[in-house]
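A quick write-up on the structure given underneath.
The values are calculated or read from the model by the stated rules, or taken from the named source; none is laboratory data. Please read these numbers as outputs of a predicted model, since none were measured by experiment. Note that we place each Cβ from the backbone using ideal geometry, even for glycine, and neighbour counts take in every protein chain shown.
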Amino acid sequence: MALTPDERQFQKRLFRRLADKPLEPGDKFYQPIYEQAGVEDPVALMRVLIELTATESIQMFSGFRGSGKTTELFRLKKSLEDQGYVVLYGDALEYLNPAQEIDISNLLIVLAGTFSDALEAQGLGNIGKDAYWTRLTNYLTKTKVELDEVGLKAGADFKLKLKTAPTFRQKLQERLANRIGELKRDVDRFFEDGVKAIQAKRGAKFPGVVFLFDQMEQIRGSLSNEESVIHSVERLFSQHLKLMEIPYVHMVYTVPPWLKFALPGLARIQILPSVRQWKNDPKRTEYLAGWTALRSLVNRRFGDADFQRFFGIPGPEHPLADRLIAVCGGHFRDLLLLLRETLLRVQTLPVTQEVIQSAIVAVRSNYMPIAIDDAKWLDQIDRVREAALPSTGQDHVNRLTRFLDTHFVLYFANGKEWYDIHPLIREEVAAIVKREAAKTLQAKA
Amino acid sequence: MSSEAQLRWEDLARRYDLPSQPEWQKLVTLFDLAEGFSLIVLLVLDADAAALCRRELEKHLQREGNQLVPIELPTPGDLRQLPTRLLAVQPPPDTGCLWMSAVEPDYGNDYSEWREAWREALARLNSQRNPIRRQFDLSLVFVGAPWLQEVMRDTAPDLWSVRTLVVRIEPALRPAPERQVPKAGRFEFTEEPGGGDPVYALQEAEKLRSSPGKELALARLLHRAGHGFAGRNDWHAAEKSFTDALELKQRAGAPPTSVLATLLELAWVCHVVGKTRRSMNHAQEALRIAREISNRRGEGAALGNLGLAYADLGDVRKAIEFYEQALIIDREIGDRRGEGAALGSLGNAYADLGDARKAIEFYEQALAIDREIGDRHGEGTALGNLGIAYKNLGDARKAIEFFERALVIAREIGNRRGEGNALGNLGLAYTALGDARKPFELFEQALVIYREIGDGRGEGTALWNSAGEFWKRGDRAQAIARAEAALRLYEAIGDPWAAKVRAQLAEWRKAGAGS
């Protein structure tokens, strides 16, 4: 049976509401699920840390793919601005090529340049005539690093060269290798001038300046140089963290989540966890707060009346909606995917159990096939609820990160960190491991 | 368009029957509903399917006043340049989607190169996810073979995380209302003739299990047991023995010819028990090895088995390509048995395409070869297939003659599966003659045999055909029960006929409820 024209319009309206794009707080579809009681909220923790730390601090924020980092970063921005902070935002990828190695001199230059552009864009501070890029050119001239020596002609776009010309970046890096201390002092002075300029504009009565430096986690190289690029990021955080602290500014870096495994001794990284729908016990007892948060998300996207029209009875609790929520793994993006699959398949309203089931089957197939070796590791995670990382070697870290990025593995943090596998793959993982165990037994017999 | 090209399009359209596929409906619904950026991953079996999807989507978009804008990727080199080319695209305002298609099946000669090219392109696109989302206010459609999903998931996790939809398009179903059992010719490549007593072979194998250094000997015995089980029509036991043998051979570094032999056996056995995907994988691996060691006979057998797998999936044109390649090789090396199998399979393929006359030509050639070399099994197969062809031409009496001759041979040589097939096909021929009683008996006899030898597809077919008889007789409950049982069997082995049964069941249930 086909949908009536009116139902088709309804379907169209709903589908648009289920679009997956970063939302800013205040958007009518934004549902602050991490703010709800009982749900772990790393953003709130970062805000508190910033509030409690005088003048400056360094925060590292991370999350796996599809966890909604950018949206949550916007929330942090909003909540700090509500407290009176001046919050500036910079996108690392506008200045850095994610496929190239990064070193501390390039990073410091980009930090200052991004900060400068953000100040200009927001009309904050009277530094327009001495934007960082001009200042850097002057600095290089002053320190006798000739511009043509590093491959820059007068008037050329410094930003563009940094991002697109590896030889330029490399030469710059070589020339500045012995001048890092000097460069850092210059960068610090620029930030200090910037903060002063903000103060001049805003008056002395504001709690502080926060700089969100987003997308750094994207620096991971290409297939041919992944290893060396990842090492360069590791080196940055293991050897130069101190240089990444900026005076008078609370720095928030978004960092790759694998840093947590590769550099376990590093300062605490706030990782956005999956919304917890079950407790860490053998039976995975339902955890109501997580369910409530995810139900509220569905309800927000649908609205009360449309929820009832689509599912047949009023929300937020509904057995069919709950079937989708039960298999989303606490990832709102997976939940949206399941809802879209359902919506595209619907032929009658309200939606039927068969449609829900076929949508689940379709999304489950996104996780297939699972390699035998992967299944064995996943099975171990399933049983011990830990990462079960055999070593901090790059191969193992990469594999675990891949599991987490693709949501095969879920990360939870409620006091203690723990891990579990995605509900959609539990049966398949168990079946593969069982089959393999039977083969081993047979071979031994 | 030439008439041949036109026919090819028609055949493709018929084979895929896109409008009836829920996955296709899902895709076009998305185009009706979506606004702004969306990322679609379209998985198809080969370039033909991609071309068909493109054509149909173009038509759909045109109706809405939009167009499909392709980024052509004819070579792996072009695919590698995709990120640069995509970001440079300035789509016209009426663009409905950007279409990026590079479909190389995993059995293709250039598969490795294409896979690497996709990996490179996707890894670079991954780091451009946000710019891409900002730049394009429309749908991006990435079209590839099924393995593209895994590659995108692993190489481009950021891009993957914002996918709007994954669509899988496979061939639709043959529309015949009743199911016949054509007998496939077997593409043989035996490591050792005969097979003997499989139980004894297993007992001997047990003695070697805990003896280090005896792995290859053990594998040989398991292979022999598999052969023996196949000879007894115990297909599941055969599959298990061959699988164990293959694992041992691979682990112990057996010579490629030996691995090839077991792979080909497994490809055949999996075909028989309806595990089509597995059969295809084994045949592909066999083809790779055969080509690597320049083993022409193995190559011919692997090609033939690949054809069978494609035919099982409903992709008959593709199957014909493989059979023809096998036939050339068999003739080149003078393999008469292989030639007969290829001819018989070509006959099956043309029968599937509805060309019964051409099918009969091939079957007669196959029959002549089988008689010439004294292959009784092949002779029975050819006779059965001739029967089906005549039945499809409307000559049920002539069909019955052939089926009866096939039945005699099957019983004579103890070919239980052939016996089941002949009985089932006889049942259908009597149905065509309007006989109300005989079909029941014949389907029941076939059912008993299929169950005895563990042939899931055959059992499903016998149940399905008898369900039709019950329905005609007015016993709706029994018809539905049988069809449900058939559906379970088809679903268990992933047989595409399941959808046909499902659709029929829905109609019957509706009719039952209304009565």
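None of A:Ala430, A:Ala443, A:Ala388 is small (Gly, Ala, Ser) and within 30 Å of B:Ser211 (Cα to Cα) except A:Ala443. Note on the stretch A:371-386: residues that are among the small types (Gly, Ala, Ser) and either surrounded by 18 or more Cβ atoms within 10 Å (Cβ to Cβ) or touching a Phe, Trp or Tyr at 6+ places or on another chain (Cβ under 6 Å) (or both) total 1. Just the residues that are more than 22 Å from A:Gln9 (Cβ to Cβ) and hydroxyl-bearing (Ser, Thr, Tyr), please, taken from the stretch A:346-364. Residue satisfying the conditions is A:Ser358 alone.
Does A:Gly68 count as within 11 Å of chain B (Cβ to nearest Cβ) and either among the small types (Gly, Ala, Ser) or surrounded by 21 or more Cβ atoms within 10 Å (Cβ to Cβ) (or both)? Spelling it out, A:Gly68 is indeed within 11 Å of chain B (Cβ to nearest Cβ) and either among the small types (Gly, Ala, Ser) or surrounded by 21 or more Cβ atoms within 10 Å (Cβ to Cβ) (or both).
Taking (1) away from every other protein chain (no Cβ under 11 Å); (2) acidic (Asp, Glu); (3) within 25 Å of A:Pro42 (Cβ to Cβ) in turn, A:Asp405 satisfies each apart from (1). Of the candidates A:Glu56, A:Glu24, A:Glu7, the single residue that is under 30 Å from B:Ser127 (Cα atoms) and of a type in the set (D, E, K, R) is A:Glu24.
Residues are listed down the side, and each one gets a yes or a no for (1) surrounded by 18 or more Cβ atoms within 10 Å (Cβ to Cβ); (2) within 11 Å of chain B (Cβ to nearest Cβ); (3) not aliphatic (A, V, I, L, M):
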| position | (1), (2), (3) |
| --- | --- |
| A:Arg8 | no, yes, yes |
| A:Pro32 | yes, no, yes |
| A:Gln36 | no, no, yes |
| A:Glu40 | yes, no, yes |
| A:Val43 | yes, no, no |
| A:Arg75 | yes, no, yes |
| A:Lys78 | no, no, yes |
| A:Tyr85 | yes, no, yes |
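When you go through B:Gly380, B:Gly394 one by one, which is the residue that is modelled with pLDDT under 90 and assigned to a helix (DSSP H, G or I)? From the options B:Gly380, B:Gly394, the qualifying one is B:Gly380.
For B:Ala481, the criteria (1) in a helix (DSSP H, G or I); (2) of a type in the set (Gly, Ala, Ser); (3) touching a residue at least 24 places away in the same chain (Cβ under 8 Å) hold in every case but one, which is (3). The set of residues in the stretch A:317-335 being crowded, with 21+ Cβ neighbours inside 10 Å and outside any loop (DSSP other than H, G, I, E, B) consists of A:Ala321, A:Leu324, A:Ile325, A:Phe332, A:Asp334, A:Leu335.
Restricting the stretch B:144-189 to residues that are among the β-branched types (Val, Ile, Thr) and part of a helix (DSSP H, G or I) leaves a set whose member that is modelled with the lowest pLDDT is B:Thr155. Considered as a group, the residues in the stretch A:45-65 that are more than 13 Å from the chain's Cα centre (by Cα) and in a strand (DSSP E or B) include one that is farthest from the other protein chains (Cβ to nearest Cβ), and that residue is A:Ser57.
The single condition from (1) outside any helix (DSSP H, G or I); (2) away from chain B (no Cβ under 14 Å); (3) farther than 14 Å from A:Asp214 by Cα that A:Ile102 fails is (2). For the stretch B:35-69, filtering for residues that are within 14 Å of another protein chain (Cβ to nearest Cβ) and over 18 Å from A:Val363 (Cβ atoms) leaves 4.
Restricting the search to helices (runs of 4 or more DSSP H) fully inside the stretch B:18-131 and requiring at least 2 residues that are free of Cβ contacts under 8 Å to residues at least 60 places away in the same chain and β-branched (Val, Ile, Thr) gives B:22-33. Is there a residue in the stretch B:113-122 that is crowded, with 19+ Cβ neighbours inside 10 Å, under 21 Å from the mean Cα position of the chain (by Cα) and more than 19 Å from A:Asn366 (Cα to Cα)? No, that holds for no residue. Put simply, of B:Trp114, B:Trp24, B:Trp9, B:Trp99 the only residue that is closer than 24 Å to B:Trp497 by Cα and away from every other protein chain (no Cβ under 14 Å) is B:Trp9.
Applying the condition of being part of a helix (DSSP H, G or I) and among the basic types (Lys, Arg) to the stretch A:361-387 and asking which residue is farthest from the other protein chains (Cβ to nearest Cβ) yields A:Arg383.
Filtering B:Ala252, B:Ala261 for residues that are more than 13 Å from chain A (Cβ to nearest Cβ) and small (Gly, Ala, Ser) leaves a single hit, B:Ala261. Taken over the stretch B:97-145, residues that are closer than 22 Å to A:Thr70 by Cα and of a type in the set (Asp, Glu) amount to 1. Of the set (1) modelled with pLDDT under 90; (2) part of a loop (DSSP other than H, G, I, E, B); (3) in contact with a Leu (Cβ under 9 Å, 6 or more places away or on another chain), all apply to A:Pro390 but (3).
All conditions but one from (1) buried (at least 18 other Cβ atoms within 10 Å of the Cβ); (2) of a type outside the set (S, T, N, Q); (3) more than 30 Å from A:Leu343 (Cβ to Cβ) apply to B:Ala34; the one that does not is (3).
Output the residues belonging to the stretch A:188-230 that are surrounded by 15 or more Cβ atoms within 10 Å (Cβ to Cβ), closer than 23 Å to A:Asp395 by Cα and away from chain B (no Cβ under 14 Å). If the condition is that a residue be surrounded by 15 or more Cβ atoms within 10 Å (Cβ to Cβ), closer than 23 Å to A:Asp395 by Cα and away from chain B (no Cβ under 14 Å), then no residue fits.
Within the stretch A:105-127, the only residue that satisfies the criterion of being in contact with a strand residue (DSSP E or B) (Cβ under 9 Å, 6 or more places away or on another chain) and either within 14 Å of chain B (Cβ to nearest Cβ) or free of Cβ contacts under 8 Å to residues at least 12 places away in the same chain (or both) is A:Ala121.
Looking at the stretch B:433-442, can you tell me whether even one residue there is closer than 22 Å to B:Asp312 by Cα, of a type outside the set (Lys, Arg) and at pLDDT 90 or above? No, because not a single residue in the stretch B:433-442 is closer than 22 Å to B:Asp312 by Cα, of a type outside the set (Lys, Arg) and at pLDDT 90 or above. For the stretch B:130-148, enumerate the residues that are crowded, with 22+ Cβ neighbours inside 10 Å and either among the β-branched types (Val, Ile, Thr) or facing another protein chain (nearest Cβ under 9 Å) (or both). The answer is B:Val141, B:Val143. Figure legend. Inter-residue proximity from the stretch A:399-411: first residues farther than 14 Å from A:Gly68 by Cα, second residues part of a helix (DSSP H, G or I) and among the acidic types (Asp, Glu), beta-carbon distance below 9 Å, spacing 6+ or different chains. Indicated pairs: A:Arg399/A:Asp373; A:Arg399/A:Asp374; A:Arg402/A:Asp374; A:Arg402/B:Asp154; A:Phe403/A:Asp374; A:Phe408/A:Asp374. Inside the stretch A:231-246, residues that are part of a loop (DSSP other than H, G, I, E, B) and surrounded by fewer than 22 Cβ atoms within 10 Å (Cβ to Cβ) make up a count of 2. The residues listed here are B:Glu441, B:Glu459, B:Glu404; of these, the one that is without any contact (Cβ under 8 Å) to a residue 40 or more places away in the chain, under 22 Å from B:Phe229 (Cα atoms) and assigned to a helix (DSSP H, G or I) is B:Glu459.
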